[in-house]
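What follows draws every value from the coordinates through simple rules; no lab data is involved. Quick caveat, the model's predicted, so the values are computed rather than measured. Neighbour counts run over all protein chains shown; Cβ positions are idealised from the backbone, glycine included.
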Amino acid sequence: MERTYIPKSCCLCDICNTDLTDDSFIATADSWWHEGWLYCEDCRAKYNPTMPLVMVIKKGDDISNTDLAKPMIFDSW
């Protein structure tokens, strides 16, 4: 089995791809982390997600120690 790690350089809104953190994973805007999705303020208001809320992220928050900042990992055969 081969494991591929893809590092992240920031966090983006999963709907509109707006940057939500800088390269140190410090929030540059308010955002909402729902199970499986990260929303900017505009997209959250527009789509009103119903998935469970994991965390409210405020501008200036350090999220470098969360799963959002971890690299993506793909296993393949």
Along the positive direction of the dipole of segment 8-62 (beta-carbon charges: Lys, Arg +1; Asp, Glu -1; about the Cα centre), which of L53, C13, A27 reaches farthest? L53
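What does the charge add up to near K70, with Lys and Arg as +1, Asp and Glu as -1, over the other residues with Cβ less than 14 Å from its Cβ?
Details: positive: R3, K8; negative: D67.
In short, +1.
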Per-residue ³J(HN,Hα) for segment 60-74, Karplus 6.51 cos²θ - 1.76 cosθ + 1.60, θ = phi - 60°, Hz, x for Gly and Pro: x, 5, 8, 10, 5, 9, 10, 4, 4, 8, 6, x, 6, 10, 10
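Classify segment 8-62 as rounded, prolate or oblate from the Cα gyration tensor: take a ≥ b ≥ c as the square roots of its eigenvalues, call it rounded if a/c is under 1.5, otherwise prolate when a/b beats b/c and oblate if not. List each step's numbers first, then the result.
Details: a/c = 1.79, a/b = 1.58, b/c = 1.13.
Cα axes put segment 8-62 in the prolate bin.
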